[in-house]
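The values are calculated or read from the model by the stated rules, or taken from the named source; none is laboratory data. Keep in mind that what you see is a predicted model, and the values were worked out from it rather than measured. Don't worry about glycine lacking a Cβ; one is built from the backbone with ideal geometry, like all the others, and counts go over all protein chains shown.
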Amino acid sequence: MSAGFDADAFSIAILRALAEAPGEGGMSLPRLGKRLGQGASVVMRQLTLMGDAALGGVRGPGWVRVVQQDERWVAHLTDAGRAVAESLPADDNPG
């Protein structure tokens, strides 16, 4: 994990959800929010922390990237994010 970012339960849930997405791990923000039981704005704030932007002088771990495809925002795992997701212990509470 990154020295500047601790993976809390919400971050882990996002990593797992994106790792289970078909194809290249992309999932629209509304779908990801629905899956996690959170609003899109809450999910977007967390994704911002999990990306590679520098906030408060601390660069994020670079686990995700969010891109606009047509009219929707889609979250994708980066190679670093996929490596973290694959290293997580098995989820005992699939959701």
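Suppose we keep only residues that are modelled with pLDDT of 90 or more and outside any helix (DSSP H, G or I) within region 68-79. Which one would you say is surrounded by the fewest Cβ atoms within 10 Å (Cβ to Cβ)?
Gln68
Here is a list: Arg45, Arg82, Arg35. Which entry is more than 23 Å from Gly23 (Cβ to Cβ) and not in a strand (DSSP E or B)?
Within the list Arg45, Arg82, Arg35, the selection yields Arg45.
Which pairs turn up if I take residues in region 50-78 that are under 18 Å from Arg35 (Cα atoms) and look for partners that are of a type in the set (Lys, Arg) and in a strand (DSSP E or B) with beta carbon separation below 6 Å, at least 6 apart in sequence or on another chain?
Going by the 6 Å Cβ cut-off, the qualifying pairs are His76/Arg65.
Is it true that Ala19 is under 13 Å from the mean Cα position of the chain (by Cα), surrounded by fewer than 18 Cβ atoms within 10 Å (Cβ to Cβ), at pLDDT below 95 and within 17 Å of Leu88 (Cβ to Cβ)?
yes
Only one of Arg59, Arg65, Arg82, Arg45 is in contact with a His (Cβ under 6 Å, 6 or more places away or on another chain), modelled with pLDDT of 85 or more and charged (D, E, K, R); which?
Selected residue: Arg65, the only one of Arg59, Arg65, Arg82, Arg45 that is in contact with a His (Cβ under 6 Å, 6 or more places away or on another chain), modelled with pLDDT of 85 or more and charged (D, E, K, R).
Residues that are basic (Lys, Arg) and in contact (Cβ under 8 Å) with a residue 60 or more places away in the chain: does region 28-47 have at least one?
yes
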